[in-house]
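Undergrad: For reference, the structure I am asking about is given below.
The values are calculated or read from the model by the stated rules, or taken from the named source; none is laboratory data. All of these numbers come straight from a predicted model, not from anything done at the bench. Cβ atoms come from the backbone with ideal geometry, glycine included; neighbour counts cover every protein chain shown. Accessible surface areas use protein heavy atoms only, side chains included; no ligands, DNA or RNA. Shrake-Rupley method; radii C 1.70, N 1.55, O 1.52, S 1.80 Å.
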Amino acid sequence: MDTATALTNPEIQFVGCLLWLENRTARRVLSGMNTSDLADPQAAHALGLAIEVVADGRDPNPVNLYAHARATGQAGGEYPQQRLTRWLADAYGVASSTAPAHTAAHLKAVVLRQAWRRTVAEHAHRLQQAAHEAPDDVLADLLDDTGRIDTLKARADAATHPDMRTGGEVAA
């Protein structure tokens, strides 16, 4: 990954900030996150590793993520391992070590808002296709099928305005 991409991509920045956090803080930040929330496949892979490492009680630092990927067969062969190592090092290096928990919480909201908008666009595309070809009952069902959109919107809103009385946890 080039530095410009790492610096301007909120998904990479989010995962990079996670790499600086200790387990308890990472657990709160990761609450409600899914790998499907990220469009970047490498960032989604790293997020999945972080979720698993944190659920296992360890800090989501690059060494722990890499070791977990190797131990669980998620690192691939030699070239994919080198790519994962480089990706983790780059994300870690460009993320802020100053207030990473605050930055990660902010970036979580940004990432979830992007995921919501992406899902709305995908739904709109399906509607546009169905409007021209689908039977009325199929189109009506598709119009009503907004559960994923609604859930993402609620998660994005919750990340934007977190309730400080609850400290969400990552499911084990």
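Undergrad: Considering only protein heavy atoms, with the full assembly of protein chains and a 1.4 angstrom probe, order 58, 27, 83 by accessible area, largest first.
TA: Highest to lowest solvent-accessible surface, that is 83, 58, 27.
Undergrad: Something else now. Which peptide among 132-138, 122-128 comes first, and what is the full order, when sorted by highest mean count of other Cβ atoms within 10 Å?
TA: So the order, starting with the most tightly packed, is 122-128, 132-138.
Undergrad: Continuing with this model, one more query. Please arrange 12, 149 by accessible surface area, largest first, computed with a 1.4 Å probe and ligands excluded.
TA: Values: 12 5, 149 25 Å².
Putting 12, 149 in descending order of accessible area: 149, 12.
Undergrad: Just to confirm a number: summing +1 for Lys and Arg and -1 for Asp and Glu over residues other than residue 12 whose beta-carbon lies under 9 angstrom from that of residue 12, what do you get?
TA: Numbers: positive: none; negative: 11, 40, 90.
Counting the neighbours of residue 12, the net charge comes to -3.
Undergrad: In addition: Quote the charge dipole size of the chain about the Cα centre in Debye, to the nearest 20; the model charges only the Cβ of Lys and Arg (+1) and of Asp and Glu (-1). Walk me through the numbers before you get to the answer.
TA: Numbers: 16 positive and 21 negative charges, 145 e Å.
Value, rounded to 20: 700 debye.
Undergrad: Kindly provide the Kirkwood hydrodynamic radius of the chain in Å, to one decimal, from all pairs of distinct alpha carbon atoms. Each step should come with its number before you reach the end.
TA: Numbers: mean 1/r = 0.0585 Å⁻¹.
Taking the inverse mean of 1/r over all distinct Cα pairs, the chain comes out at 17.1 Å.
Undergrad: Moving on to the next point. Where only protein heavy atoms count, and the probe is 1.4 Å, what is the accessible area per residue for the chain in Å²? Mind showing how you got there, number by number?
TA: Values: 9410 Å² over 172 residues.
Accessible area per residue: 55 Å².
Undergrad: Counting only protein heavy atoms and a 1.4 Å probe, tell me what percentage of segment 1-111's accessible area is made up of carbon and sulfur. Please list the in-between numbers first.
TA: Values: 2680 of 5040 Å².
Roughly 53 percent of what the probe reaches on segment 1-111 is carbon or sulfur.
Undergrad: Another question, if that's okay. Looking at the chain as a GNM with Cα springs under 10 Å, which of 56, 150, 141 has the largest mean-square fluctuation?
TA: 141
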